[in-house]
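Asker: Structure in structure tokens, see below.
The values are calculated or read from the model by the stated rules, or taken from the named source; none is laboratory data. Just so you know, these numbers come straight off a predicted model, no measurement behind them. Glycine gets a Cβ as well: all are built from the backbone with ideal geometry, and neighbour counts include every protein chain shown. For accessibility, only protein heavy atoms count, side chains too; no ligands or nucleic acids. Shrake-Rupley method; radii C 1.70, N 1.55, O 1.52, S 1.80 Å.
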Amino acid sequence: MIENVDADRLRDLTLELVEIESPTGDTAEVARRFAQRLEEIGMDVEVLDEAFPATPIVIGRLQARQPGPSVVLNGHLDTVPIPHEPARVENGSVYGRGSADMKGALACAAEAARVLKESGPFPGELVIIAIGMHEAPGGRGEDLTWLLREHGFRSDFAVVCELSGDTFLAAHMGQATVEITITRPGLVTHELKTAARTPHPILAAGRVIEAIAARNAELATTEHPWVGAETYFLGEVHGGDFYNRFPNECRLIGTRRWAPGNTLEAVEEEFLELLDPIAAETGCSIELDLKLVRGAYSIDPEHELSRALRAGYRDVTGTELPVTGIKVVADGAVFQGEASIPTVYHGPAGTGAHGDIEFVPVAELVRATQVYLAMLQRLWAA
């Protein structure tokens, strides 16, 4: 079956999708085009746009005549809102924004469905889900969360078709964005006209920065076997508007990343324990806004889905997938956290996601499609 994968079809669909601009929050055109292509290969297609009309969710189903597990191939059609040179094919690769992240992977999912459809009966169901609210900060997986939580979508297994092209991803961190707002009562005043002992938000921010640095040093002493140490990170400091005006606000912006086994609720409690004493000592009000990007994720490398993926990769390439973990976040955490659906990551290995030059080799699109098909054969034969 894997020999029926068509490189030209993969190249052409990837290029077609990349040619349609689709920044996060504005994916309706590319979603409807992708839905049309799924219908053309014989899938039963739904376009759900009641909850997210500007970013419809595309669901394509290929149902077998025989009972068997339902397997999702999932990807996102939205891209980061960063300009890129026009889409093109060059030296065996498709170039353009979204080629590697991750319209090429959705072309792989569609090609896997086409091969399955033309190969005859199979024992199970293949579902393709394409979403458009993935890339933070514009999206945080709100559409996928809605699909699983409010709409009630369920399946037996899921594959998120990115991140892991030549490794088996056993875990990734959870992440939240952090905004700390430090304020004092009253208006901004001249430094010489400000009453003595007036709380100073920028000095309080310095205390917060020192406390975060100390906590980071503590966290660095404990490493998760797959993802390493948890972190606090500050990337922005905003305070004051003129050199001799006494400010009444300072903001710190960054991230908090945590390992599997920890939770957003525990992370927030720890953060407040860090900030509350500083607020009391400095006389400033300190507010924490912690917004979830994705939760932490992990799966046993010996889970039946994990074994099917690893065996499928070996069937196609003749080599083993080394087991690893990463610090970045993705949607496997949503499938697991919202619906307890066992989920793995695997996709074509592209280059330049979020970068100035983004591309995916057509050979990688072929390999990933073949791995999906081999994995499905293993899973459905189990």
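Asker: When both residues are 6+ apart or on different chains and their Cβ atoms are under 6 Å apart, which pairs have a first residue that lies in segment 57-76 and is over 8 Å from Ile128 (Cβ atoms) and in a strand (DSSP E or B), and a second that is open to solvent by 10 Å² or more (accessible area, probe 1.4 Å) and small (Gly, Ala, Ser)?
Answerer: Cβ pairs passing all conditions: Ser70/Ser155.
Asker: Here is a follow-up. Is it the case, given these coordinates, that Gly139 is in contact (Cβ under 8 Å) with a residue 60 or more places away in the chain and either under 16 Å from Thr369 (Cα atoms) or buried (at least 24 other Cβ atoms within 10 Å of the Cβ) (or both)?
Answerer: Against the criterion (in contact (Cβ under 8 Å) with a residue 60 or more places away in the chain and either under 16 Å from Thr369 (Cα atoms) or buried (at least 24 other Cβ atoms within 10 Å of the Cβ) (or both)), Gly139 does not qualify.
Asker: When you go through (1) open to solvent by less than 40 Å² (accessible area, probe 1.4 Å); (2) closer than 20 Å to Leu17 by Cα; (3) polar (S, T, N, Q) one by one for Ser70, which number turns out not to apply?
Answerer: Failing condition for Ser70: (2).
Asker: Here's another thing I want to ask about it. Any residue in segment 266-278 that is out of contact with any Asp or Glu (no Cβ under 9 Å at 6 or more places or on another chain), free of Cβ contacts under 8 Å to residues at least 60 places away in the same chain and of a type in the set (A, V, I, L, M, F, W, C)?
Answerer: yes
Asker: Here's another thing I want to ask about it. Conditions first: (1) in a strand (DSSP E or B); (2) polar (S, T, N, Q); (3) open to solvent by 40 Å² or more (accessible area, probe 1.4 Å). Gln175 passes all but one, so which condition is the exception?
Answerer: (3)
Asker: Okay, next question. Can you tell me which condition Ile357 does not meet? The list is (1) assigned to a loop (DSSP other than H, G, I, E, B); (2) within 30 Å of Glu3 (Cβ to Cβ); (3) β-branched (Val, Ile, Thr), and all the others hold.
Answerer: (2)
Asker: Here is a follow-up. Among (1) more than 22 Å from the chain's Cα centre (by Cα); (2) within 12 Å of Gly96 (Cβ to Cβ), there is one condition Ile20 misses while meeting the rest; what is its number?
Answerer: The single condition Ile20 does not satisfy is (1).
Asker: Would you mention how many residues in segment 354-376 are surrounded by fewer than 18 Cβ atoms within 10 Å (Cβ to Cβ) and of a type outside the set (Val, Ile, Thr)?
Answerer: Number of matching residues: 4.
Asker: Mind listing whichever residues of segment 232-248 are in contact with a Ser or Thr (Cβ under 8 Å, 6 or more places away or on another chain) and surrounded by fewer than 18 Cβ atoms within 10 Å (Cβ to Cβ)?
Answerer: Answer for segment 232-248, where residues must be in contact with a Ser or Thr (Cβ under 8 Å, 6 or more places away or on another chain) and surrounded by fewer than 18 Cβ atoms within 10 Å (Cβ to Cβ): Phe233, Gly235, Arg245.
Asker: Return the residues of segment 178-215 that are closer than 21 Å to Leu290 by Cα, of a type in the set (Val, Ile, Thr) and open to solvent by less than 60 Å² (accessible area, probe 1.4 Å); say none if nothing qualifies.
Answerer: Val178, Ile180, Thr181, Ile182, Thr183, Val208, Ile212
Asker: Of the residues that make up segment 37-47, is at least one β-branched (Val, Ile, Thr), touching a strand residue (DSSP E or B) at 6+ places or on another chain (Cβ under 8 Å), open to solvent by less than 10 Å² (accessible area, probe 1.4 Å) and more than 13 Å from Gly75 (Cβ to Cβ)?
Answerer: no
Asker: Does Leu163 satisfy the criteria of being at pLDDT below 95, buried (at least 18 other Cβ atoms within 10 Å of the Cβ), within 30 Å of Arg307 (Cα to Cα) and in contact with a Leu (Cβ under 7 Å, 6 or more places away or on another chain)?
Answerer: Spelling it out, Leu163 is indeed at pLDDT below 95, buried (at least 18 other Cβ atoms within 10 Å of the Cβ), within 30 Å of Arg307 (Cα to Cα) and in contact with a Leu (Cβ under 7 Å, 6 or more places away or on another chain).
Asker: Which condition breaks for Thr319 when tested against (1) of a type in the set (S, T, N, Q); (2) in contact with a strand residue (DSSP E or B) (Cβ under 6 Å, 6 or more places away or on another chain); (3) assigned to a loop (DSSP other than H, G, I, E, B)?
Answerer: With respect to (1) of a type in the set (S, T, N, Q); (2) in contact with a strand residue (DSSP E or B) (Cβ under 6 Å, 6 or more places away or on another chain); (3) assigned to a loop (DSSP other than H, G, I, E, B), Thr319 is out only on (2).
Asker: I'd like the full set of residues that are crowded, with 17+ Cβ neighbours inside 10 Å, of a type outside the set (A, V, I, L, M, F, W, C) and in contact (Cβ under 8 Å) with a residue 24 or more places away in the chain, limited to segment 26-36.
Answerer: Selection gives Thr27 alone.
Asker: Taking Val89 as meeting all but one of (1) closer than 19 Å to Glu19 by Cα; (2) under 24 Å from the mean Cα position of the chain (by Cα); (3) not in a helix (DSSP H, G or I), write down the number of the exception.
Answerer: Going through (1) closer than 19 Å to Glu19 by Cα; (2) under 24 Å from the mean Cα position of the chain (by Cα); (3) not in a helix (DSSP H, G or I) one by one, Val89 breaks only (2).
Asker: On to the next question. If a residue must be under 21 Å from Ala105 (Cα atoms) and in a helix (DSSP H, G or I), how many such residues does segment 322-345 contain?
Answerer: Selection size over segment 322-345: 5.
Asker: While we're on this one: Please count how many residues of segment 301-343 are open to solvent by 40 Å² or more (accessible area, probe 1.4 Å) and either under 14 Å from Gln175 (Cβ atoms) or under 16 Å from the mean Cα position of the chain (by Cα) (or both).
Answerer: 6
Asker: Residues being assigned to a strand (DSSP E or B) and charged (D, E, K, R): count how many of those fall in segment 219-236.
Answerer: Number satisfying all stated conditions: 1.
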